[in-house]
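Working notes, structure below.
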Amino acid sequence: MSSFHSFYGFLDMGGYAPFVWPAYAVTFAVMGLNIYWAKRLLRRSYEAARRRLAVQEETRLAAGAAEEPSV
């Protein structure tokens with residue numbers, strides 16, 4: 001059996017609604033921002049790693065071409 005007898009009673013939270021619902025809103029906003037920032041950081045990290053690998057590959061190819069004897 002539920003302690004709330006109506007949907008309005010649930011929304012009212014026994015008179016504590018002005019404290020409960022903003023707390024839920026802040027919690028979900030922080031969680032959403034945390035997910036967004038983590039995904040953005042991961043995407044930027046992948047891009048930076050791809051750039052570093054491209055520079056390393058170019059350096060390796062340039063060093064290999066410089067060491068090859070001319071025919």
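The values are calculated or read from the model by the stated rules, or taken from the named source; none is laboratory data. Small disclaimer: the values here were computed from a predicted structure and weren't measured. Methodologically, a virtual Cβ is constructed for each residue, glycine included, from the backbone with ideal geometry; neighbour enumeration extends over all protein chains shown.
Could you tell me whether MET13 is out of contact with any strand residue (DSSP E or B) (no Cβ under 7 Å at 6 or more places or on another chain), in a helix (DSSP H, G or I) and at positive phi?
Judged against the criteria, MET13 is a match.
Taking LEU41 as meeting all but one of (1) at pLDDT below 95; (2) in a helix (DSSP H, G or I); (3) of a type in the set (A, V, I, L, M), write down the number of the exception.
Only one criterion in (1) at pLDDT below 95; (2) in a helix (DSSP H, G or I); (3) of a type in the set (A, V, I, L, M) is unmet by LEU41, namely (1).
Mind telling me which of the residues PHE10, PHE28, PHE19, PHE4 ends up being of a type in the set (Phe, Trp, Tyr) and in contact with a helix residue (DSSP H, G or I) (Cβ under 7 Å, 6 or more places away or on another chain)?
The match here is PHE4.
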